[in-house]
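A.B. asks: Questions regarding the structure given below will be posed in turn.
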């Protein structure tokens, strides 16, 4: 790391533990009432930000990262897109936060019953000709991560298929960030960046960090 680049502000392991603790507070309905949204803190943040984690999550209105992890203003650098897909703009956003702010934890946050993943499965089984080009770009990003599931077990229960597809999509997105960017790969190999995959359960509020978690 050159002298002009920011030093990591928060080791990945510590950041991950902070997210886990925040999620447990959320699940137990013990979220911090002081979200750091007061005028004093807002004024302090005008001068800059130091988010301790980068969250690439789904746009689903039921999964707001700051609330799910019980964090406030300036704590998380959040990128949201339907299906938590990884396209060039998302990669660039993660690169930006990791290099500009020294943030060393990236979480790809999917969720149960993801509508974008479900739409992809439906499209693969019965293509929707009327889908717009823009919506199809999302489906096409998800498709490679779930194709093998349909081929492997054609008799699989629909609910179980969606459950597996959600996880497969998270794993592929996390892998893309680790391996599909020279900037991020270098940070992973040489400067402590950690990219993990996680699933938020709509039913319980719990986040399961299941992919790429450090030992």
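A.B. asks: Which one of 188, 172, 139 is under 17 Å from residue 53 (Cα atoms) and surrounded by 18 or more Cβ atoms within 10 Å (Cβ to Cβ)?
C.D. replies: 188
A.B. asks: Something else about it: Out of everything in the range 175-210 that is part of a loop (DSSP other than H, G, I, E, B) and either touching a strand residue (DSSP E or B) at 6+ places or on another chain (Cβ under 9 Å) or without any contact (Cβ under 8 Å) to a residue 12 or more places away in the chain (or both), what residue ends up being farthest from residue 99 (Cα to Cα)?
C.D. replies: Of everything passing the filter in the range 175-210, 202 is farthest from residue 99 (Cα to Cα).
A.B. asks: Same structure again: Please enumerate the residues belonging to the range 140-162 that are part of a helix (DSSP H, G or I) and either in contact with a strand residue (DSSP E or B) (Cβ under 9 Å, 6 or more places away or on another chain) or modelled with pLDDT under 90 (or both). Working first, answer last.
C.D. replies: Step one: filter the range 140-162 for residues part of a helix (DSSP H, G or I), giving 140-152, 158-162.
If the condition is that a residue be part of a helix (DSSP H, G or I) and either in contact with a strand residue (DSSP E or B) (Cβ under 9 Å, 6 or more places away or on another chain) or modelled with pLDDT under 90 (or both), then 145, 146, 147, 148, 149, 150, 151, 152, 158 are the ones that fit.
A.B. asks: Next up: Which residues, counting only those in the range 13-55, are at pLDDT below 95, at negative phi and surrounded by 12 or more Cβ atoms within 10 Å (Cβ to Cβ)?
C.D. replies: Once the filter is applied, which keeps residues that are at pLDDT below 95, at negative phi and surrounded by 12 or more Cβ atoms within 10 Å (Cβ to Cβ), the range 13-55 yields 31, 32, 35, 38, 41, 42, 44, 45, 49, 50.
The values are calculated or read from the model by the stated rules, or taken from the named source; none is laboratory data. As the structure is a prediction and not an experimental result, all values here were calculated from the model. In this analysis, Cβ positions are derived from the backbone assuming ideal geometry, glycine residues included, and neighbour counts consider all displayed protein chains.
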